[in-house]
Structure formats: C-alpha cells, structure tokens
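In what follows, a single structure is set out as structure tokens and then discussed.
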Amino acid sequence: MAALHQLVAGFNRGDAISNEALVMRRLFRDWGYESNIFCERKRILPELRGDALDLEDLPAACSADDLALLHLSIGSSVNEVFPSLRGRKAILYHNITPPEYFRLIQPSTANVLARGREQAARLAGVAEVNLADSSYNADELRQWGYSQPQVLPLMLDFSALDVAPDRGVIRRFADGKVNILFVGRCAPNKRIEDVISAFALFQKAVEPNSRLILAGSFAGTERYQRLLVSMARDLRLQEVIFTGPIRQSELNACFRSARAFLCMSEHEGFCIPLIEAMVHRVPVLAYAAAAVPETMGGAGVLFSERRFEVVAEMMGHLTRDESLRRSILARQDERIRVFRGRNLDEELRRHLSPLMKAG
C-alpha cells in the first residue's frame, strides 16, 4: 500500500496547522493510503505523541512509491529532511513571518524565522506540487522561484468551534460592559499596540463602559506583553484583559461575550481568528493588510489607514447601530457558508492529482 505522509514543524492542540494535518490525514486514509504525521519529537505535545510520529523514523518509512507533503511554516529540521526523502513531494506554504518583527523583543524567534525563510527559498524546485493557503502566500512562493503555486485555503475543522462556551467566562464578562475582542498570539506583527491605541480612544471618547479582551498566549513574547501592559497602564485604561493561553471552551465564551472583533495586524498569511469571529457572529473590524482582505472576502469592515479616532468611531457604530450590525453579520454569514460548503476531498484530490497519477 502506498503512503501519503505529512511533515509539520510542530504538533499541538488547537494549532491551525496541526488541525489541518489531522483533517488531511483522515482524507488520505479514506483514499486508501497509509498516512501519518511526522514531526521532531521535541516539538510534539507530550499527550499527542500517539497522533504524530518522530521525524527520525520518516526516511525509513518513505519508499519511492510514496508521497510526502510538507507544511512549510517556520524554520525547522523537517525542512532539511524533506528534500532527501524518496518518492514524490508537495509543499503547502502557510507563511513565515518576517524576522524583523521579532529582532528587538525575541531574537531567538527572529533567528528561527530567518532560518525558515532561507529554507523556504532553497526548497524552490524540490516539490512537484506547490500550494499556499492564500494568494498572498502564493505570491511569496513566486518571489522565491516556485513554479506555478496554487491556492488551497486552510482546511478548517468547524467542529472544534462547536464546543460549549465556558460558563464562568461568560459570567465574568456579562456585566454590562461593551467587550471588544482580539484573538491571536501576542506577537509584534499583530500590532496589538495599535489595538490598544484604538481602544483607548473608544473607551475615553465613545464608550467609557467598555473592556478590551486580548485572547492568546504570550509564552516566549513576555517582553512584548509587558510593554503592552505598561502602555495600557500609562493610558489609564480600565479593563484590558490578557487571557494568556486558554481552552477552546473559554475562547468560545470570549467570542460569545464580544460586541465587536478588532484586528490591527499587518502581517497575516491567512488569519484564522477572523473566521472564528464570523462563525460566532461577531462583527469584524480589521486593517486591510497582507491576506486579511482575502480571508474576509468582502465581509466585515476593512480599513486601510491607521487612524485610531476613525477606528474608535466605527467601533461605536458597530456596537450600537443594530441595523448596521445585522447588515454586516448577514454578509459575514454568507462568507462562512462559502467555507462550510467547501468540498475538501475534491479540492485536495485536484491539487495532488499530478502526484497521485504519477503513482
């Protein structure tokens, strides 16, 4: 039996790429392939080591008749092993954040990102099929010399979003305050300082009875998070909450409690939280940078200038004008129907057909 294996740089619970790899593995096995996910053992969450195998075992597991798909997302040993594997190959590029964002606050991460972008450039020409999960990412592959990259939007597992929201979190935030939410890792490319700046004007000039919820891990970016905490304190803001890492049920409760979702990120290869916000029927207000407009697909409210007073005013309209909210939510619902209506099996077969036919 031929095999179709995947390589990932890390394997964690709730991680978008890990979730996509699981969706793909299920499809590959349904097609009749032996299929496993390989990762450096130290990058596999200990309780998930039954779901992903050690990268060291992959070369021996791959024959000339097999297929391998690399999820290219950061500097990693998987990117070094991939070219030497026997069999046919495909790459799916998820974007690698430019290291400049991390030079000052986390040099070690900046080095890993720089390594990843160097590895990505060297991998041009290695795979027969080159994929990216957005047109924005496909353009980066072209710049590195990849041949005919195709777009395969991130494969989403919507069932995870159906987890019942945590009641304790809902009670905590159901106190009459207008909750503004941002979800994402506490990282400089997310421009969380801009979220805080816009919220400061919103709280001071538009809606004093408000709260900002920043949901996401700041492990490894503690220096950046401390700067953000100091910024909120200097601005004398009330109720700026950094949740740190939270379970899906707690995250769902944050979405349930939010009146609007504000994203000021300037570098995103896809941006899953935008989809999550739309699934939870939270109006989205987002800076139109990188892949954000592509992910939104005409839904939500996008802006192209960082004019915080205008953003604050728009948040006021989004949180108060019920007619406007209904109109925006209706368009977001349409966008989500597009994602829910995808035939993942058909899409994946079409993109990988050159490798499968060759076998």
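Bear in mind that the values in this text are calculations on the coordinates, not laboratory data. Everything numeric in this text was worked out from a predicted model, so none of it was measured. Glycine gets a Cβ as well: all are built from the backbone with ideal geometry, and neighbour counts include every protein chain shown.
Are any residues in the stretch 300-310 in contact (Cβ under 8 Å) with a residue 12 or more places away in the chain and surrounded by fewer than 22 Cβ atoms within 10 Å (Cβ to Cβ), and if so, which ones?
The answer is VAL301, LEU302, PHE303, SER304, ARG306, PHE308, GLU309.
Take the stretch 74-102 and flag every residue that is out of contact with any strand residue (DSSP E or B) (no Cβ under 8 Å at 6 or more places or on another chain), touching a residue at least 40 places away in the same chain (Cβ under 8 Å) and small (Gly, Ala, Ser).
Those that are out of contact with any strand residue (DSSP E or B) (no Cβ under 8 Å at 6 or more places or on another chain), touching a residue at least 40 places away in the same chain (Cβ under 8 Å) and small (Gly, Ala, Ser): GLY75, SER76.
Cβ-Cβ under 6 Å, sequence separation 6+ or interchain: first residue in the stretch 148-171 and buried (at least 18 other Cβ atoms within 10 Å of the Cβ), partner in a strand (DSSP E or B). Which pairs?
From the stretch 148-171, the pairs are PRO149/ASN130; PRO149/ALA132; LEU152/LEU131.
Please specify each residue of the stretch 206-237 satisfying the condition of being farther than 20 Å from VAL310 by Cα and either without any contact (Cβ under 8 Å) to a residue 24 or more places away in the chain or part of a loop (DSSP other than H, G, I, E, B) (or both).
SER217, PHE218, ALA219, GLY220, THR221, GLU222, ARG226, VAL229, SER230, ARG233, ASP234, ARG236
Run GLY32 past the list (1) under 30 Å from LYS190 (Cβ atoms); (2) surrounded by fewer than 17 Cβ atoms within 10 Å (Cβ to Cβ) and report the number of the one that doesn't hold.
Answer for GLY32: the failing condition is (1).
Quick one: in the stretch 69-89, which of the residues that are among the aliphatic types (A, V, I, L, M) and buried (at least 20 other Cβ atoms within 10 Å of the Cβ) is farthest from PRO59 (Cα to Cα)?
Going through the qualifying residues, I end up with ILE74.
Could you give every pair whose Cβ atoms fall below 8 Å, whose first residue belongs to the stretch 311-322 and is closer than 13 Å to GLY300 by Cα, and whose second residue is charged (D, E, K, R) and crowded, with 16+ Cβ neighbours inside 10 Å, counting only separations of at least 6 or pairs across chains?
MET315/GLU207; LEU318/ARG259; LEU318/ARG325
Among the listed residues LEU154, LEU141, identify the single one that is part of a helix (DSSP H, G or I) and either in contact with a Gly (Cβ under 8 Å, 6 or more places away or on another chain) or of a type in the set (A, V, I, L, M) (or both).
None of the other options fit; the residue is LEU141.
Looking only at residues in the stretch 1-29 that are of a type outside the set (S, T, N, Q) and assigned to a loop (DSSP other than H, G, I, E, B), which one is surrounded by the most Cβ atoms within 10 Å (Cβ to Cβ)?
VAL8
Determine which member of the set ASN130, ASN111, ASN95 is among the polar types (S, T, N, Q) and assigned to a helix (DSSP H, G or I). So that I can check it myself, show each step before the final result.
Details: ASN130 fails: assigned to a helix (DSSP H, G or I); ASN95 fails: assigned to a helix (DSSP H, G or I).
Step by step, each of ASN130, ASN111, ASN95 is checked, and only ASN111 is among the polar types (S, T, N, Q) and assigned to a helix (DSSP H, G or I).
Condition test on ARG43, is it out of contact with any strand residue (DSSP E or B) (no Cβ under 9 Å at 6 or more places or on another chain), of a type in the set (Lys, Arg) and either without any contact (Cβ under 8 Å) to a residue 40 or more places away in the chain or under 19 Å from GLY10 (Cα atoms) (or both)?
Values: out of contact with any strand residue (DSSP E or B) (no Cβ under 9 Å at 6 or more places or on another chain): no; of a type in the set (Lys, Arg): yes; either without any contact (Cβ under 8 Å) to a residue 40 or more places away in the chain or under 19 Å from GLY10 (Cα atoms) (or both): yes.
Judged against the criteria, ARG43 is not a match.
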